[in-house]
1. If packing is taken as the mean number of other Cβ atoms within 10 Å per residue, what is the order of 64-70, 229-235, 14-20, highest first?
2. Can you order the peptides 77-86, 40-49 by their average number of other Cβ atoms within 10 Å per residue, highest first?
3. Throw me the Rg/Rh for segment 294-423, computed over C-alpha atoms with Kirkwood Rh, two decimals.
4. Go ahead and run the numbers for FRET between residue 133 and residue 348, Cβ-Cβ distance against an R0 of 45 Å, rounding to 0.05.
5. Ratio of alpha-carbon Rg to the 2.2 N^0.38 Å globular estimate for segment 417-457, to two decimals, please.
6. Within 10 Å of each residue's Cβ, count the other Cβ atoms and sort 106, 236, 76 from fewest upward.
7. Determine which residues of segment 169-187 fall in the zone a paramagnetic label at residue 238 would reach in this model, i.e. backbone nitrogen under 13 Å from the point 7 Å along Cα→Cβ.
8. Taking Cα pairs under 8 Å and at least six residues apart, what relative contact order does the chain come out at, in percent?
């Protein structure tokens, strides 16, 4: 608890989302108010969104939550990009765009995420940083409601939500990862909480998942995912492995038996940061984001704990491979190194290559018991990013989210720069690929995959898949005949 101080009023002349008019703390007097200081690149900010949704629904008659959006990256300052994040993560409370960190400074916030709790009389009564604090926050809410019972303004407020104006009725919604294989394309249709398998030309073969968010195994048309991300495919055994990110599990899709089963994780987020492991189905995971199969091992980017994990498919055990759990960019051995929200992963069979998003860098991890980690390119600093080709630490990327090794080069989805770049894994030289297309601009591409003479791109905020001819660099849009949004979406 902190000393009670009068809460500074919120600016009325800033941009607001999920409401048709600005909100003032004065108008909310008689209600408990939570200010959630967040930015959409931050995995910790995303982790507390389910807690906030639980609270705003349980205490809807006496609690108002306001997201205070204080951006880290330049790309995140664009109002349209923030609107897309509100849609992607199904945020249902008003969001104030905090220009220049004004509100952040007025409330003396120091980290993402931070929750400021204001009592019905307009006094700040608590500041809670980080994640995993749901019970603490709920206890404060209950105590404040009980203390001010005679002053509570009990009513349910209705807001004009962005999703009412822009429902996710497109065939794909925020596709996040794509995998091109000789068997076809696999697409993580994250906004629709499902997977799509098609031919390389876009003919739909399987829709895997009902489209309803949840954690349910079984037949392809019965299973449930929650914002699935990265995939890797065992062509010989026709098995697709999936990072089911918001469920905090790894799934296996058997395309011979046409069934899906959970093979790692408990369905609950782990809050253990230090390296550990155990039996895969009894070990809680923390936002597995992408994965790649090497021999009998799955290597997994564990974005939530800033580590690389490995699962032995023969023994069924899973463990931390590399990373202390601290957020940063530290090279060296597996016990000393550090990552910052590692997202994409690929391999040449000797090294793993990582799109290390929060430090906007490309990292390499030796596939060896006592291997080393090195930085291929990028500055390696949390707050140093940009859009600059070059070599090694002179390169500037902006929150890169995917990577694929192809023809001796690394292809990178430089997500917040809306570009595709190619990196030499040996000398760290990075070049932007200039794609040819008519009136087509990528918007936060978060996934890519190469096969034969084509590059496939998840054009995430445009809700489509692009295909690029590697000889001409001509970019076209794939059409998926008969594919539509699931009936329960929107």
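Every number in this text was worked out from the coordinates using simple rules, so none of it is lab data. Quick caveat, the model's predicted, so the values are computed rather than measured. Cβ placement follows ideal geometry from the backbone for every residue including glycine, while neighbour counts extend to all protein chains displayed.
1. In decreasing order of mean packing, 64-70, 229-235, 14-20 become 64-70, 229-235, 14-20.
2. Values: 77-86: 17.9, 40-49: 20.9.
My ranking of the peptides, most packed first, is 40-49, 77-86.
3. Radius of gyration relative to Kirkwood radius: 0.96.
4. 0.60
5. Values: Rg = 11.6 Å, N = 41, 2.2 N^0.38 = 9.0 Å.
Normalised by 2.2 N^0.38 Å, the Cα Rg of segment 417-457 equals 1.28.
6. Numbers: 106 14, 236 6, 76 19.
Listing 106, 236, 76 from fewest to most nearby Cβ atoms yields 236, 106, 76.
7. 183-184
8. Taking the mean separation of contacting Cα pairs over the length of the chain, I get 10 percent.
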